[in-house]
Structures are given as structure tokens and as C-alpha cells.
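Derivation of every value follows stated rules applied to the coordinates shown; laboratory data play no part. Quantities reported herein were computed from a predicted structural model and do not represent experimental measurements. Quick reminder, even Gly has a Cβ in these numbers, built from the backbone with ideal geometry, and neighbours come from all protein chains shown.
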Amino acid sequence: MEDWAEIRRLHRSEGLPIRAIARRLGVGRNTVRRALVASVPPRYQRPARGSIVDAVEPQIRQLLKEYPTMPATVIAERVGWTRSLTVLKVRVRELRPLYAPPDPVSRTMYEPGQLAQCDLWFPPVDVPIGAGQLARPPVLVMVAGYSRVITARMLPTRTAEDLFAGLWTLLCGWGRIPRTLVWDNEAAVGSWRAGRPQLTAAAQAFRGTLGVAIRQCRPADPEAKGLVERANGYLETSFLPGRSFTSPQDFNEQLQQWLVRAGQRYHRSIDARPAERWEPDQAAMLALPPVPPRVGWHRLVRLPRDHYVRVDANDYSVHPGVVGRWVAVQADLERVEVMCAGKPVASHERSWARGQSITDAGHARAAAELRQAHHVRPRPAVDAEVQTRDLAIYDRAAGVEAAA
């Protein structure tokens, strides 16, 4: 390569003839001529050698002509191939495009405010949830399509009550709502039946209040929501390693701090940082509705004598003074509230542990006082006159004479 560059310099810059160049560099004149003709540096190329697949290539072409999608393993069986399968697969991969019709895919582009992809991520880490229990609660993950901003929160359960309460919390954190929410076949959202998506009543009520669309992906089609699938993998490889958690609340606090830093990372597919594209993405979204959607747990029950109400898998005490009356039970991701005739009769922090009975000390004292008042009967006054009956009337009634 050095001689090639020097030959061209001497000829173009100094104007030396071929014979003078050959004499100065000590090379043949034909070498000089070849160097002047070549516009690219010379490169050593090993002469092509035949392949062991060449003998069966006509048979491979014939099979691909009739069956363009035939697997390479089947082709090897049909042509009687007994050698290395790797070299045969390479040749089939080269020949298949000549017979198979092209199947290009279009790159998915997102407009600002267009959509957000949602999914549940189950982190492979045990989190203490109270009462000595460990669990792996689901994490609701949402990714904005245009900006790639990620938001997430751990939920107590994957039920519709908790899922849509968590989704509303994340949307309130954004302050705006994407026009379309993309989901897979999560049971609380809906499923595909008879070849078409069927949303649950909870999902229909939620999207109707917000005025947005919920689009369900087809079964076994994770590529349809690749943004949130990659976000789940990013959380698992970049957020979890080296961390420990003392409670779900601690998990959410660490997650929120990490998501702020994650929004500053460079995203190759959009050639920008998510935080840099968030402002136009947020501005194109819909405003929050004036009336929030009805999310969380809502029940109207008659309070039983044991004055406890059930939310999810736990029982919560209520003031015993309203036993037998109708009470409204409301619970979100953090608290359980009970109302009776518009007045609060119970307020508890929601428990993530299961099978627990959460008792308010004031409710327990009130129940003890009411039980004591109910079972203790009042005694007569000490100075009250008590009539005494003459027992002789029983003798006379029986015809027995009293002894003298």
C-alpha cells in the first residue's frame, strides 16, 4: 500500500514518467501502471474455494422454489445431508431471499401525546410486606411513546381495583393523559375472545371517564408493546442489582429517585434524552378530567356484630357503635376508610400482608365497654320494700294441718 501511494504521488504531484518512477522505487513498470490505474489501495484476496454445499445446491434451489419457507433442517433431510449442518444453514440463508417474497416491516413512529404502553413487571426480589411475610408484588410500568419517559409504581395486587388505582396515580404524576393506553391481555383489563378484544367493565369505566382509548395487543405478540417490554428489562438489569428493600414503600421511594436519573440517559432510537422530549410530549396529551375516575375498593355492607370489614385479604376494625348499620368501605393503595351516614367510623393504613386482622385500639375499647354494658343487669335498691309470702298457704292448699 505504501508503494501504491508513493507511485501515485510521484506521478500526479511531481509529474515523473513511468520509467523514472520504476527506477526510483525499484519496481517493475507494469507495477507502476497497475498502481496508476487502480483508484483504491491494493488488497490481498485469497482465491475463492469451493464449498461442500456446492454439490447439493441445485437440489436446495429446487426445494426453495417449491417451498420458500421450508426449514433448513428439513432441507438437509430431503437432500440426504450428512455433513455439518452449519454450512448448509448458511447457504440456505443466502438462497432463501431469492425465492421467498420480501416481507419488510415498517418502523413504528410515535407522535407527541399519542400513546403510552403499560405492563405489569414482577421483579425477581423478595420484599418484606409486614407480619413477617415476604412477597413479590407486581410493579405497574408505563412508558410514553414519543419521549420514552418511564414511570412505575409497586402495587399490592394485580386486581382491577389496585391496577386502575395505580394507573390513575401514575397519570396524575404526569399531569396529563396520553390519547391511547396500550395493554396486553391482562385479566383486569380484558382479553381476546372470538378474534376481537373484550375490555372488562372496570376498563370501560376507566377509559370512559378519561375519554381515551385502551388498545389491547393480540395474544403472544410482545413486539406490539416493545417499549414497555424493554423498559421492564432495563429496570431488571439497571435498577435492581445491588439494592435491598425494607418494605413496598421503600421500594417505591428508591424507584422514583432512580427514574429521575433514568430520564436523563441517552436513548439511541430517538437520538435524545427522554427528559428533553417530555415537554412537547406532555403538551400534546389530554388534560386530566374534572371528575376523577372511580378507582380502588368500594363496598356497601351492613356492619356485622364482630365490627370488621374485609378489603382484599385482610379484615379492618370499625367503631362498634354502628353495628347493624350500612357502612361504605373505600380503599386505595395506601389507606382504608369506612363511612356511616357521611361520618368516618374507621381509618387504617392499608396492609400489604395477607390474612391479617387490623384493629384500632379505640375500637377495641369501645367494643369492650358496649359488651359490659349489655351483659350487666341493674340490681334493686337496698331500701326497697320486698313482699314476703306466707308459706302456710301451700300447706292449706295441700290439706295438711300445721303441727301444733
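Observations on the structure shown:
- In this Cβ point-charge picture (+1 for Lys and Arg, -1 for Asp and Glu), the range 54-98 has a dipole of about 100 debye about its Cα centre.
- Distance between modelled label sites at Gln372 and Glu349, nm, 7 Å Cα→Cβ extension: 3.0
- Here the simple spin-label model places points 7 Å from the Cα toward Cβ, and for Val87 and Asp3 these points are separated by 3.5 nm.
- Global geometry of the range 115-287, whether rounded, prolate or oblate, following the gyration tensor of its Cα atoms and the 1.5 cut on a/c: oblate
- Classification of the range 146-217 by its C-alpha gyration tensor yields a prolate form. The axis ratio a/c (a ≥ b ≥ c) is 1.5 or more, and a/b outweighs b/c.
- The magnitude of the dipole of the chain, with charges of +1 and -1 set on the Cβ of Lys/Arg and Asp/Glu and taken from the Cα centre, is near 3060 debye.
- Given [x] 21.9, 86; [y] 21.9, 71; [z] 40.5, 175, the label whose value is Rg and Dmax of the Cα atoms in Å derived from this model: [z]
- With at most 13 neighbouring Cβ atoms within 10 Å, loop chymotrypsin sites (Phe, Trp or Tyr not before Pro) (DSSP) excluded, longest segment of the chain: 45-265
- Electrostatic dipole magnitude of the range 281-368 [Cβ: Lys, Arg +1; Asp, Glu -1; Cα centre; debye, to 20]: 440
- The lysines within cross-link reach of Lys89, meaning a Cα-to-Cα straight distance under 20 Å and a gap of 8 or more places when in the same chain, are Lys65.
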